[in-house]
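Reviewing the structure listed below.
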Number of protein chains: 2
Amino acid sequence: MPIYNPPTEDMQFLLHDVLQVSAADIPGYDELERDFTAAVLDEAGKISAEVLAPLNAPGDAQGCILENGAVRTPEGFKDAYDQMRAGGWMGLDADPAYGGQGMPYLLGTAVGEMFVSANMAFNMYQGLTHGAMSTIHAHGTDAQKAMYLPKMIEGSWSGTMNLTEPQCGTDLGLIRTRAEPKDDGSYAITGTKIWISAGEHDLTDNIIHLVLARLRGAPEGTKGISLFIVPKFLPDDDGAPGTRNALSCGGLESKMGIHANATCVMNYDGATGFLLGQEHKGMRAMFTMMNEARIGVGLQGYAQGVVAYQNALDFARERLQGRAATGTANPDGPADPILVHPDVRRNLMHQKSFIEGARAFAFWGSELIDRAHRADDPQAEALIGLLTPVIKGFLTDKGFETTVLAQQTLGGSGFTRQWGLEQFVRDARITMIYEGTNGIQSLDLVGRKLGQNGGQAVMAFFDLVKGFIKENEGDAALKSDFLDPLKSASKDLQTAAMYFVAEGAKNPNNALAGSYDFMHLFGHVCLGLMWARMAKAATVALAEDSANPGFYETKLATGRYYMARQLPATALHLARIQSGADSVMALEAANF
Amino acid sequence: MPIYNPPTEDMQFLLHDVLQVSAADIPGYDELERDFTAAVLDEAGKISAEVLAPLNAPGDAQGCILENGAVRTPEGFKDAYDQMRAGGWMGLDADPAYGGQGMPYLLGTAVGEMFVSANMAFNMYQGLTHGAMSTIHAHGTDAQKAMYLPKMIEGSWSGTMNLTEPQCGTDLGLIRTRAEPKDDGSYAITGTKIWISAGEHDLTDNIIHLVLARLRGAPEGTKGISLFIVPKFLPDDDGAPGTRNALSCGGLESKMGIHANATCVMNYDGATGFLLGQEHKGMRAMFTMMNEARIGVGLQGYAQGVVAYQNALDFARERLQGRAATGTANPDGPADPILVHPDVRRNLMHQKSFIEGARAFAFWGSELIDRAHRADDPQAEALIGLLTPVIKGFLTDKGFETTVLAQQTLGGSGFTRQWGLEQFVRDARITMIYEGTNGIQSLDLVGRKLGQNGGQAVMAFFDLVKGFIKENEGDAALKSDFLDPLKSASKDLQTAAMYFVAEGAKNPNNALAGSYDFMHLFGHVCLGLMWARMAKAATVALAEDSANPGFYETKLATGRYYMARQLPATALHLARIQSGADSVMALEAANF
């Protein structure tokens, strides 16, 4: 059975030493005192380790079963779900006006990481609900909000997002699902949606589907798509689940991973739906959901890396094999723990330095979301818009890679189901695909976000990096180990951006062919910045004679690994970008 | 159902345009005329595509079943196995003195790639037999060879290798399986072996286990291990399977992939075994098997990439989604094929340029094996010894990466079982682990092979690269696109090797911490050399007014992609190596 240790100490370090949340000028952050966040994180860690993690491997083995139109989730899921509801976790950062606890999004991210590390497939049921809730909150009428939000926040109803159809995923302009207005102001929804996570299950009394569909005579393409609320059971006058709606789960996908989450074919046969937001503006409303979901998926990616790393480390400490090249480390045993071997350490340091950097990036991104929404800061809004595809694409690619590295640490044991590592790999794999493949993220980054408003957001990012370097370059230790590498990596990123400006104007393919590498280049610079900020915080804590110097020294050592061995990847990504589109586009389609 | 197209045209290019086999000064190569190899490859391609590939997905879904000590392979496997036997494929490169066809190892590699692409789990049954056969051939007595080889070559008996035990995989010095001499000159073998591929199955009349065990009073560690032939059924006086031996399959592993191959726990309870080779020299004998197996595993890695790429390409041509940035490509359809998008092409070119380079590397390595064994060339022997860990480690890491990239091309479809890509990922994953994890390969490379005989082999490699560059630098097109990048990459490799010499002497960890990156650096230089050689061959063919210029132009374009976008990775690997062991070894074990 895989282990899971909630990383609450590292989270506290990020919240209080690095982000210094309780002093931040963001409404609501003053509540985030050290003791308060410690209590919340401890509780979330406890339910993660004791309730959710033990269900992860059995849930994978059992999967979901569709019988007579109903989906049965794995044994123990309903009990665990009820415990999560009872703990109030589903409304942690939701609007108090509808029963939420009104905590910052940042706290939701910290707690969410633990839930996802412990059991990704389980957490998706509430994750989708969260996205649907946010969309209704942002675009619903007062009546819709009053009808749906309290039930979703308390967790008795869940939510889904219905975008994909067999002929379209990325290109939603091809959607065929139809909506016909009815006399009572509602609509009849007809069509088939596929890959609907949590589309049907036995955890809640009702499921609120948000469905993209076309009205008759709507403009072609994405400008003619509307969004509808289509409940499984139509709420009656008292708001209780009433008449069964004309929708059904037509099948479950057989998948590589996340077996315990039901991925449904959903058939809508004239189902009653209610317009959410304006006619033909469905894509815009859906983007509320998608942006939040993309950050959530980035978190899933690195969170699978976190738990995979913990298990790899555990194995490396226990497994005795061979002797250290520099002298026996375990003379009383038949061999040394494999942790003594430099190549095993390289592998573990690679994992560790990524996941701690990724956590910092996700936390910082969440702080930006709070700053944008709670402090109405348009610069924070623009910056998180720019960083969202990086968080999604980079953290999932590297999160998956981390699970593969962790699996490798176990050798043959990593390939067997018994040790659980292979499940982390299979589950993490989807994060690079859903909510827009990582290729699509890179196009969003380079094709849309980079040039928006004359590139203001990316220039603000560069200013932020420069400002941090300037402010701290008097510190000699920080300078050579952290600031100089960051400066060099950031210069690579700027050079790449300038290349796109100069060469993309001649031929858009020059920018598009480099988009994926740009996303990774950007991700490395972000993690480099995170490590520089963490190193600064650790230096300060050590100078202040911290009670726990070992933690901060480890933090510095881990950061040095990232700067020395991971950050130099920026030069490779730049070289690829600067090679342009020629070698990428040279072949005729027939000649591949 | 996934497709599989035997890449016979590319194989013929390698054999005849690049390696020019029929003119090579290697005994037996004169038979490899163009028409002859075409006929063999076509036949192997046919059985791969028509018999083996259709069993791959069903075999994965069914897996193997253990009942009452017997293992049932998936439906259709026995029929397919009998067809392979009838075709004489199992003895293709085996000694004619025992019924083999005596073809070069190189031809076995070409044919083997197709079998593995079509159905890796199936091919393992005969792959293990091949390794066991080679070991008996190299170390057996005349009587042993006469007893076992004809049956194994015709495929009526199969073979296995039994190394791993619960407490040891890499560190075979910890083996506990015991061998007690009996009065008749045989031995009683007692112990438990795990992860024994094809340890029990229903495809053959007998299974010949090669088992590592210790004699009483044997020296400690790997110097006290002997190798034994332990047949499932003891051959009777006529050489037919007679008495059932005291060994049994105690269980099957539940694994991430290769479900159709039985991975067995094997229990030996005083089973009768026969010494193979000398007492206490088992490791040396086993290395015959392991070296061959390592090259075979490298082949498995890229072969899974080959079939994954073909399916990704097929999808990219059919799937309509979005429009090309440079103008509509498919005006009559609702959208353009996704192959028009630069990021999809980048992904496919990455796959294509790797697998064609990898195939060239595997073929070249196989030619070196033939040169070493058939022409008794000690330089070829030393060079392939050096390259074996690179072929195994680099081609499997990158082969797995290729399956992941191919899966990504399909978006959500890649995650579903229906399209088959996720199986290629799961099956390819084991290749990075078995026959020595890739970390172990990198240690073999840096810790043993690099410095052997004063580094003669690696110097011969550098001479070979320099010689090729010098010979061709008059060709301007080759020079800028191929030779200059190769020269630069090769220089990175030399710098890394020098770093190990200088810094490894101060502290062995400085070399060991860079071993993995060195293996990748070396792999890239090898593929760079392969692409330069292929480019040369393509240029010559085009100058000679080939009947098929499109093939050669595509080859050049694909090579340019590799040189421009993959080969620059050498600088990153060098930077990591030169950062030394400090950041890798900084943490105390307790502080991870």
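The values are calculated or read from the model by the stated rules, or taken from the named source; none is laboratory data. Because the structure is a prediction, the values reported are computed rather than measured. Please note: Cβ atoms are built from the backbone with ideal geometry, for glycine as well, and neighbour counts cover all protein chains shown. When the accessible area is computed, the model is the full protein with side chains, heavy atoms only, and any ligands, DNA or RNA have been set aside. Shrake-Rupley method; radii C 1.70, N 1.55, O 1.52, S 1.80 Å.
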Notebook entry, point to check: What residue, among those in the range B:545-578 that are under 18 Å from A:Arg576 (Cβ atoms) and assigned to a loop (DSSP other than H, G, I, E, B), is nearest to the other protein chains (Cβ to nearest Cβ)?
Noted result: B:Pro568
Checklist line | Filter result for A:Ala97 (closer than 19 Å to A:His373 by Cα, small (Gly, Ala, Ser) and surrounded by 24 or more Cβ atoms within 10 Å (Cβ to Cβ)) | finding: no
Check: Hey, B:Asp184 hits all of (1) outside any helix (DSSP H, G or I); (2) surrounded by 17 or more Cβ atoms within 10 Å (Cβ to Cβ) but one; which does it fall short on?
Finding: (2)
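Conditions (1) part of a helix (DSSP H, G or I); (2) within 25 Å of the chain's Cα centre (by Cα); (3) of a type in the set (D, E, K, R), marked per residue:
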{"residue": "B:Asp481", "(1), (2), (3)": "yes, no, yes"}
{"residue": "B:Ser490", "(1), (2), (3)": "yes, yes, no"}
{"residue": "B:Tyr499", "(1), (2), (3)": "yes, no, no"}
{"residue": "B:Glu503", "(1), (2), (3)": "yes, no, yes"}
{"residue": "B:Asn509", "(1), (2), (3)": "yes, no, no"}
{"residue": "B:Phe518", "(1), (2), (3)": "yes, yes, no"}
{"residue": "B:Leu521", "(1), (2), (3)": "yes, yes, no"}
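Yes/no per residue for (1) more than 14 Å from chain A (Cβ to nearest Cβ); (2) in a helix (DSSP H, G or I); (3) open to solvent by 10 Å² or more (accessible area, probe 1.4 Å); (4) under 23 Å from A:Asp582 (Cβ atoms):
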{"site": "B:Arg345", "(1), (2), (3), (4)": "no, yes, yes, yes"}
{"site": "B:Ser353", "(1), (2), (3), (4)": "no, yes, no, yes"}
{"site": "B:Glu367", "(1), (2), (3), (4)": "yes, yes, yes, no"}
{"site": "B:His373", "(1), (2), (3), (4)": "yes, yes, yes, no"}
{"site": "B:Asp376", "(1), (2), (3), (4)": "yes, no, yes, no"}
{"site": "B:Gln379", "(1), (2), (3), (4)": "yes, yes, yes, no"}
{"site": "B:Ala382", "(1), (2), (3), (4)": "yes, yes, yes, no"}
{"site": "B:Val390", "(1), (2), (3), (4)": "yes, yes, no, no"}
{"site": "B:Gly399", "(1), (2), (3), (4)": "no, yes, no, no"}
Note to self: Every residue in the range A:215-233 that is surrounded by 12 or more Cβ atoms within 10 Å (Cβ to Cβ), basic (Lys, Arg) and part of a loop (DSSP other than H, G, I, E, B), please.
What the structure shows: A:Lys232
Check: Would you say B:Ala581 is in contact (Cβ under 8 Å) with a residue 60 or more places away in the chain, touching a Leu at 6+ places or on another chain (Cβ under 8 Å), facing chain A (nearest Cβ under 9 Å) and open to solvent by 10 Å² or more (accessible area, probe 1.4 Å)?
Finding: no
Item checked: Residue among B:Gly467, B:Gly474 that alone is open to solvent by 30 Å² or more (accessible area, probe 1.4 Å) and not in a helix (DSSP H, G or I) -> B:Gly474
Check: Got a sec? Which of A:Ala502, A:Ala537, A:Ala543 is out of contact with any Cys (no Cβ under 7 Å at 6 or more places or on another chain), small (Gly, Ala, Ser), free of Cβ contacts under 8 Å to residues at least 12 places away in the same chain and farther than 30 Å from B:Met349 by Cβ?
Finding: A:Ala543
Next item on the list: Go through the range A:446-485 and give me each residue that's in contact (Cβ under 8 Å) with a residue 24 or more places away in the chain, more than 11 Å from chain B (Cβ to nearest Cβ) and closer than 30 Å to B:Ser413 by Cα.
Entry: A:Lys449, A:Leu450
Margin query: Anything in the range B:297-315 that is farther than 23 Å from B:Ser366 by Cα and open to solvent by 10 Å² or more (accessible area, probe 1.4 Å)? List them, or say none.
Written below: B:Tyr309, B:Gln310, B:Asn311, B:Leu313, B:Asp314, B:Phe315
Note to self: I'm trying to understand the selection: among the residues of the range B:408-444, which are β-branched (Val, Ile, Thr), within 8 Å of chain A (Cβ to nearest Cβ) and open to solvent by 20 Å² or more (accessible area, probe 1.4 Å)?
What the structure shows: B:Thr437
Next item on the list: Just name the residue that is nearest to the other protein chains (Cβ to nearest Cβ) out of those in the range B:234-249 that are in contact (Cβ under 8 Å) with a residue 12 or more places away in the chain and open to solvent by less than 50 Å² (accessible area, probe 1.4 Å).
Entry: B:Cys249
Item checked: Condition met for B:Leu542 (part of a helix (DSSP H, G or I), open to solvent by 10 Å² or more (accessible area, probe 1.4 Å) and within 11 Å of chain A (Cβ to nearest Cβ)) -> no
Notebook entry, point to check: Which of the residues belonging to the range A:195-235 are hydroxyl-bearing (Ser, Thr, Tyr) and modelled with pLDDT of 95 or more?
Noted result: A:Ser197, A:Thr204, A:Ser226
Margin query: Can you go through B:Leu212, B:Leu172 and tell me which one is hydrophobic (A, V, I, L, M, F, W, C), within 14 Å of chain A (Cβ to nearest Cβ) and open to solvent by less than 30 Å² (accessible area, probe 1.4 Å)?
Written below: B:Leu172
Next item on the list: Report, ordered by the first and then the second residue, all pairs with beta carbons closer than 7 Å, sequence separation of six or more or different chains, a first member in the range B:320-343 that is more than 7 Å from chain A (Cβ to nearest Cβ) and within 23 Å of A:Ala505 (Cβ to Cβ), and a second member that is among the acidic types (Asp, Glu) and open to solvent by less than 20 Å² (accessible area, probe 1.4 Å).
Entry: B:Arg323/B:Asp336; B:Ala324/B:Asp336; B:Thr328/B:Asp336; B:Ala329/B:Asp336
Notebook entry, point to check: Tell me, which residue of the range A:497-519 that is of a type in the set (A, V, I, L, M, F, W, C) and within 14 Å of chain B (Cβ to nearest Cβ) is surrounded by the fewest Cβ atoms within 10 Å (Cβ to Cβ)?
Noted result: A:Ala505
Next item on the list: Among what's in the range A:284-296 and is farther than 13 Å from A:Lys392 by Cβ and open to solvent by less than 30 Å² (accessible area, probe 1.4 Å), pick the residue that is nearest to the chain's Cα centre (by Cα).
Entry: A:Met289
Notebook entry, point to check: Mind checking whether some residue in the range A:108-120 is within 26 Å of A:Met133 (Cα to Cα), in contact (Cβ under 8 Å) with a residue 60 or more places away in the chain and touching an Asp or Glu at 6+ places or on another chain (Cβ under 8 Å)?
Noted result: yes
Check: What number of residues in the range A:477-489 are under 16 Å from A:His524 (Cα atoms) and open to solvent by 10 Å² or more (accessible area, probe 1.4 Å)?
Finding: 5
Notebook entry, point to check: Name the residues in the range A:57-82 that are at negative phi, without any contact (Cβ under 8 Å) to a residue 60 or more places away in the chain and surrounded by 14 or more Cβ atoms within 10 Å (Cβ to Cβ), would you?
Noted result: A:Pro58, A:Ala80
